[in-house]
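Chemist: First the structure, then my questions, so here it is.
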Amino acid sequence: MKKLPIILLIVAGASPSVGLMVRLVQTASGLVRPAFLDPVFYWRGAMAFLAIAVLIVLIQIRDK
């Protein structure tokens, strides 16, 4: 159980980059509009960074 927050932190940290890469590939293929014009892009990024912040706080609480 002690490794779970670290694993979740890695997944939460990688998710915005993977989402951006997928979105850029879709944009380049002409299927969707540019990623930076889509509000869902910003929402998903905000939620991922919020998850990272929560996990960092939980790790700090656990280590005290």
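Chemist: Tell me the net charge near Val11. Cut-off is 14 Å between Cβ atoms, Val11 excluded, with +1 for each Lys or Arg and -1 for each Asp or Glu.
Modeler: Around Val11, the surrounding residues sum to +2.
Chemist: If you line up the Cα atoms of the stretch 4-63 on their principal axes, what length do they span on each, largest first, in Å?
Modeler: Each principal axis gives a Cα extent; for the stretch 4-63 these are 47, 18, 10 Å.
No value in this document is a laboratory result; all are computed from the given coordinates. Since this is a predicted model, take the numbers as computed values, not measurements. Positions of Cβ are backbone-derived with ideal geometry, glycine not excepted, and every protein chain shown enters the neighbour counts.
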